[in-house]
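Shown next, in structure tokens, is the structure this report addresses.
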């Protein structure tokens, strides 16, 4: 199963570089980490105005595992969580492709 982690911008203390480096090392060793990024410039398409997601979400990470508990255990060391912030882990269900 694939998962996306939304990283919210609501920490009590800003994580430092050493915390991030430590976490990325753990994530890499886990074999579950599939990449991620900060979230950049926003371009809204369509005619209906919506709330800017980046007011809360500042980054994402992707994970793949058959065991969500293993991901949750890894995330216990995430710098945002350790500094009082919020992480949001969501399943990315596989969609069935129509025969073309």
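Counting only the backbone N, which residues of segment 1-31 are under 11 Å from the spot 7 Å out from the Cα of residue 83 toward its beta-carbon? Answer for segment 1-31: 9-21.
Classify segment 43-100 as rounded, prolate or oblate from the Cα gyration tensor: take a ≥ b ≥ c as the square roots of its eigenvalues, call it rounded if a/c is under 1.5, otherwise prolate when a/b beats b/c and oblate if not. Note, shape of segment 43-100 comes out oblate. At 7 Å along the Cα-to-beta-carbon direction for both residue 92 and residue 29, put a label point, then send me their distance in nm to one decimal. A separation of 2.5 nm, rounded to one decimal place.
Report the calculated FRET efficiency for residue 41 and residue 1 (r = Cβ-Cβ distance, R0 = 30 Å), to the nearest 0.05. Provide the component values of the computation, followed by the final result.
On the way: r = 30 Å, r/R0 = 1.01.
The formula returns an efficiency of 0.50 here.
By how many nm would the segment from residue 20 to residue 51 grow when fully extended, if each residue of separation counts as 0.36 nm and the alpha-carbon distance is taken off? Please report the intermediate quantities before stating the final value.
On the way: separation 31, 0.36 × 31 = 11.16 nm, distance 2.85 nm.
Taking residue 20 through residue 51 to full extension adds about 8.3 nm, to one decimal.
For segment 4-60, the average shadow cast by the Cα convex hull is 5.1 nm², which is a quarter of the hull's surface.
Where the convex hull is taken over the Cα atoms of the chain, what is its projected area averaged over directions, in nm²? Computed as one quarter of the Cα hull surface, the answer is 8.7 nm².
Coordinate-derived values only; no laboratory data. Just so you know, these numbers come straight off a predicted model, no measurement behind them. Neighbour counts run over all protein chains shown; Cβ positions are idealised from the backbone, glycine included.
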